[in-house]
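The values are calculated or read from the model by the stated rules, or taken from the named source; none is laboratory data. As the structure is a computational prediction, the values presented were derived from the model and not from experiment. A quick note on method: Cβ atoms are made from the backbone with ideal geometry, for glycine too, and the neighbour counts reach across all protein chains shown.
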Amino acid sequence: MKKIIIFTLILLSLVILGRTLKVNVPVQVSYLSNNLLSLNDKEYKFALPTKKAFNSISLRLLSYNKPLNGTIDIKVINSKTGKILVRHSLKTAISHGDFYNFNTLRVKPSKNYYLVIKGSPGVTYNIVYNSLGTDLLAMSNGVMTGSPVYKLSDEISILKAAFTASERAANDWFRLGKLYPLAIIVYLLGALLLVTFVLDRRII
Amino acid sequence: MKFAPLTLILSPEGRGGKSRFPLIFWLLIAFFLVRSFIYASFVPIWQGPDEPHHYDYIHYLQTEKSLPTLGKTTLCGKVRGSLESFYFNSYATGKTPYGQGGINTNEPLVKESQKKDHHRKDLLQNQIAQHPPLYYMIGAVITWPFKDASLLTSIFILRTFSAFLGLGVLILIYLTVRLIYNKSQLPALASVAFAALNPMFAHVMTLVNNDALINFLFALFLYLLTLSIKDGLSLKRAIALGTVIGLGLLTKFFFVASIPILFLALVFFRKEMLPNIKMVSITFILPIVITSPVLIRNVILYKTLQPVYKFKFLQDNPFKDMSFVNYLLASSFVRKLRISFWSNFGWVKPRFTDPYYDLLLILAMVAFVGLVIYGFKKAYQGDFFKLKYVTLLFIAPLFLISAIAYNSYKSAVITGVVEGVQGRYLFSLIGVIGLFLYLGLKTLIPFKQGYAVFVLIVIGMLALDASAIFYYILPYFYF
């Protein structure tokens, strides 16, 4: 009886934890790059149509491991309503070449967003971008095309992440099909069984 | 017909007390196999440390039918052609393929590249070609029937082989600890649980890498050594010990660490192990005989017993005139060792975040304090056999760490780069580390004769493993 109660309680906790524990995963990325844009006293506006909600933004900046010497303001604006959805200022130095990541309130998907990145006078950092991309709307001294290197991330439950990964692995790597999600389920049940057993000392 | 409960059937008592292994041991083994499948199949190929190079060595033996040469042997067309299609560099630079419109591990492309499958005229050298050949020879034999199949098939077979070596390590840990701690099952079970549920150990034991065989042979060496300490060094044991050391040296030069451990055991337990000098001579001579062909080849080819591959040389070398102690304090050695012991689930990443390491360090320090008290207690109780055994085992990982540190220091002085610092090398002694954790914590938390600590280790390692899989490995490789 004791074992059944422990098993049920842990199973229940597993389901609740699996649904409530979240992991941050990228939902939209733009990795290609072939050029740099100086942020010294410059402002860039990039179209940012999104298909999925996000709650953090990562931008690839080149700092050359030097002090920032100013501020970089980052905004996400809805072009239709003019509403500023994300407002963030980078004021401290970051490591060279790293993605600079910051959290935002959860932003719903829309085709009408654009990303504004503005460097104050004296800022030494560059932004990495792809001049062959099509997202760049405007810059201080004219209009041209291009896409920045960025990642938009959102939190999803660990169970959703595990089963999405299983689906992807099933179609890609070793092509073992249903064994992937099955392994995740057996893992969770096995962990449950193990905890239930070790909490019952009679088994030793 | 009446059936006995499963618990009773699987317990030693339920089987007439003849079985050595209790139910919980089998549960840990079964769970390790499930975890092995997850680690072997979810981690994309080539994402283990130097995995393309280790596979290439095996492939070289199959195609060229001779040993590769460091500095001359280059990666074959099959491996080279697959590096890009299997996103070898993309993952390392944080650009997961799923962010680039999905993955395309197009096997026909890899098969196509087999046609231009030569080991010459290319810039990409095989940087692990200096290793002795045993693991690769076994790998070449077990994948021989599949050499014309997909690359993915060969990799999965080799990873599964490593997982079974991991299974062997767990059985040997249990048997070894039970030889000394035979009154209670808990020290042995806690040591097995620490290894069986350890995420980094599962990762290392499910890769194409000679570490898997080294860990198995080291566990076998410790079992035979403990058996000889307990019951004396018979002729059979002397031959077995010498053969295992020889095979270890034929797998990786690193196995040389077993020799000072054996020497110390002979000093500590001279009454038990030194009645016949012939036996001891056999134990030391056999490894030399077994490894001599490889050592002679190394001396002829490289003018040294064991060459080392230098990855890069910095012009401005910060370690050039640094002392060994300063190197340990000033370089990232300690941090790298700690991180790579607990997590380094890919070629470069993913790794746990800092709070994990801080928490694990505190736990290790507490266990260390407990272990020192345990030593004093054994001395006070006059249990010098256990005291000597634990001291011997305590010196073993210290010796390994010192060897890793010195090797890294010597390399850094020449190249300017902190390399060769891999906490996973300590997995040769993972059972010993698990035993120390248990003994140390049990001394400080003696509730229920150590059962509370056993539960703590099982649940703690499970939590660590679940974190590794669900928070780091799957999100990193599939999003």
Scan B:269, B:284, B:216, B:254 and give me the residue that is within 24 Å of residue B:405 (Cβ to Cβ) and not aliphatic (A, V, I, L, M). B:254
Based on this model, can you work out whether residue B:344 counts as surrounded by 12 or more Cβ atoms within 10 Å (Cβ to Cβ), over 23 Å from residue B:68 (Cβ atoms) and in contact (Cβ under 8 Å) with a residue 60 or more places away in the chain? yes
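Here is a yes/no grid of residues against (1) over 22 Å from the mean Cα position of the chain (by Cα); (2) part of a helix (DSSP H, G or I):
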{"residue": "B:335", "(1), (2)": "no, yes"}
{"residue": "B:338", "(1), (2)": "no, yes"}
{"residue": "B:341", "(1), (2)": "no, yes"}
{"residue": "B:344", "(1), (2)": "no, no"}
{"residue": "B:348", "(1), (2)": "no, no"}
{"residue": "B:352", "(1), (2)": "no, no"}
{"residue": "B:357", "(1), (2)": "no, yes"}
{"residue": "B:360", "(1), (2)": "no, yes"}
{"residue": "B:370", "(1), (2)": "yes, yes"}
Being modelled with pLDDT under 90 and among the aromatic types (Phe, Trp, Tyr) is the filter; apply it to segment B:380-408 and report the residue that is surrounded by the fewest Cβ atoms within 10 Å (Cβ to Cβ). B:406
Helices (runs of 4 or more DSSP H) enclosed by segment B:249-304 - at least 2 residues per element that are touching a Gly at 6+ places or on another chain (Cβ under 9 Å): B:270-273, B:277-302
The number of residues in segment A:51-78 that are basic (Lys, Arg) and assigned to a strand (DSSP E or B) is 2
Of the residues in segment A:118-161, how many are hydroxyl-bearing (Ser, Thr, Tyr), assigned to a loop (DSSP other than H, G, I, E, B) and at pLDDT 80 or above? 4
Just to check your reading of the model, which residue among B:427, B:447, B:470 is crowded, with 19+ Cβ neighbours inside 10 Å, of a type in the set (Phe, Trp, Tyr) and either more than 10 Å from chain A (Cβ to nearest Cβ) or within 18 Å of residue B:180 (Cβ to Cβ) (or both)? B:427
Return yes or no: is residue B:437 modelled with pLDDT of 95 or more, over 22 Å from residue B:209 (Cβ atoms), away from chain A (no Cβ under 14 Å) and surrounded by 21 or more Cβ atoms within 10 Å (Cβ to Cβ)? yes
Looking at segment B:450-460, which of its residues are in contact (Cβ under 8 Å) with a residue 24 or more places away in the chain and at the interface with chain A (Cβ under 10 Å from one of its Cβ atoms)? B:451, B:454, B:457, B:458
On the given criteria, is residue B:146 surrounded by fewer than 16 Cβ atoms within 10 Å (Cβ to Cβ) and in contact with a helix residue (DSSP H, G or I) (Cβ under 8 Å, 6 or more places away or on another chain)? yes
Filtering segment A:23-50 down to residues that are within 15 Å of residue A:150 (Cα to Cα) and outside any strand (DSSP E or B), which residue is nearest to the other protein chains (Cβ to nearest Cβ)? A:31
Any hit, segment A:133-149, residues being within 11 Å of chain B (Cβ to nearest Cβ) and under 30 Å from residue A:3 (Cβ atoms): no
Residues (more than 8 Å from chain B (Cβ to nearest Cβ) and not in a helix (DSSP H, G or I)) located in segment A:162-204: A:177, A:178, A:200
Taking residue B:298 as the residue in question, decide whether it is surrounded by 15 or more Cβ atoms within 10 Å (Cβ to Cβ) and out of contact with any Leu (no Cβ under 8 Å at 6 or more places or on another chain). no
If you take the residues of segment A:106-136 that are farther than 15 Å from residue A:48 by Cα and out of contact with any strand residue (DSSP E or B) (no Cβ under 7 Å at 6 or more places or on another chain), which of them is surrounded by the fewest Cβ atoms within 10 Å (Cβ to Cβ)? A:121
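Let's see how each residue does on (1) more than 24 Å from residue B:171 (Cβ to Cβ); (2) in contact with a Lys or Arg (Cβ under 8 Å, 6 or more places away or on another chain):
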| site | (1), (2) |
| --- | --- |
| B:218 | no, no |
| B:250 | no, no |
| B:268 | yes, yes |
| B:275 | yes, no |
| B:284 | yes, no |
| B:302 | yes, no |
Identify the single condition in (1) surrounded by fewer than 20 Cβ atoms within 10 Å (Cβ to Cβ); (2) within 10 Å of chain A (Cβ to nearest Cβ); (3) under 18 Å from the mean Cα position of the chain (by Cα) that residue B:463 does not satisfy, given that it satisfies every other one. (3)
State whether the residues of segment B:83-102 include one that is within 26 Å of residue B:142 (Cα to Cα), surrounded by fewer than 15 Cβ atoms within 10 Å (Cβ to Cβ) and either within 14 Å of chain A (Cβ to nearest Cβ) or without any contact (Cβ under 8 Å) to a residue 24 or more places away in the chain (or both). no
Within segment B:60-87, the count of residues that are among the hydrophobic types (A, V, I, L, M, F, W, C), farther than 23 Å from residue B:477 by Cβ and part of a helix (DSSP H, G or I) comes to 1
For residue B:415, which of the numbered conditions (1) without any contact (Cβ under 8 Å) to a residue 24 or more places away in the chain; (2) β-branched (Val, Ile, Thr); (3) more than 14 Å from chain A (Cβ to nearest Cβ) fails to hold? (1)
